[in-house]
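The values are calculated or read from the model by the stated rules, or taken from the named source; none is laboratory data. Bear in mind the structure is a predicted one, so any value in this text is a computation, not a measurement. In this analysis, Cβ positions are derived from the backbone assuming ideal geometry, glycine residues included, and neighbour counts consider all displayed protein chains. Just so you know, the surface numbers come from the protein's heavy atoms only, side chains and all, with ligands and any DNA or RNA stripped out. Shrake-Rupley method; radii C 1.70, N 1.55, O 1.52, S 1.80 Å.
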Amino acid sequence: MKKVLLIFGIFTSALFFSQKSENYYQISYNSICCGPPSTAPVLGYVETFQAKNKGKNIEIFRQSGLGREGEFKLFLGMDALSHSKKKKFISGLETTINQQNNSKDNGSHGNVDFISNSTVTKTTLMKLPNLTANIKKDIIKKKIK
């Protein structure tokens, strides 16, 4: 039992101290009937933006288990970006999400929600249940499927 608590404590502290950002933008993936929409457009935009700007990495965390049909949230930490790059990133992200919501089949998938002027703090984020770091190899696996 002590080993389990020790391992849990190490994992939690490693996750807590590995975070660089203090504020995170929240993207909600909601379902209407047949599961939430794909993360491919948003994660593709994040990868493209990072490759073009050769800046710091954008931290991505995923909170799963929010509904019966697989609803989840992504949290993007962008404190490493300059103010102008952050503004450019958010503008492109809003465009990507709007295109994804407008191009879906009616009734077959849910919506992606993003509010650009609302952030979640690091302390609030760490209190959320079912939170995992989104690792790059997980993103690549989702694109292959």
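Annotations for the structure displayed:
- Residue, nearest to I58 (Cα to Cα), within region 72-94, restricted to residues that are part of a loop (DSSP other than H, G, I, E, B) and either in contact with a Ser or Thr (Cβ under 8 Å, 6 or more places away or on another chain) or open to solvent by less than 10 Å² (accessible area, probe 1.4 Å) (or both): M78
- Residues that are at pLDDT 85 or above and within 19 Å of S38 (Cα to Cα), drawn from region 104-129: N111, V112, D113, F114, I115
- Pairs meeting the criteria (first residue in region 118-145 and part of a strand (DSSP E or B), second residue modelled with pLDDT under 85 and open to solvent by 70 Å² or more (accessible area, probe 1.4 Å), beta carbons under 7 Å, at least 6 apart or on different chains) are lacking.
- Every condition in (1) surrounded by 14 or more Cβ atoms within 10 Å (Cβ to Cβ); (2) under 26 Å from P129 (Cα atoms) holds for G65 except the one numbered (1).
- Under the condition of being touching a residue at least 60 places away in the same chain (Cβ under 8 Å) and of a type in the set (S, T, N, Q), the residues counted in region 77-100 number 1.
- Test: residue in region 49-64 that is part of a loop (DSSP other than H, G, I, E, B), at pLDDT 85 or above and either out of contact with any strand residue (DSSP E or B) (no Cβ under 7 Å at 6 or more places or on another chain) or not small (G, A, S) (or both): yes
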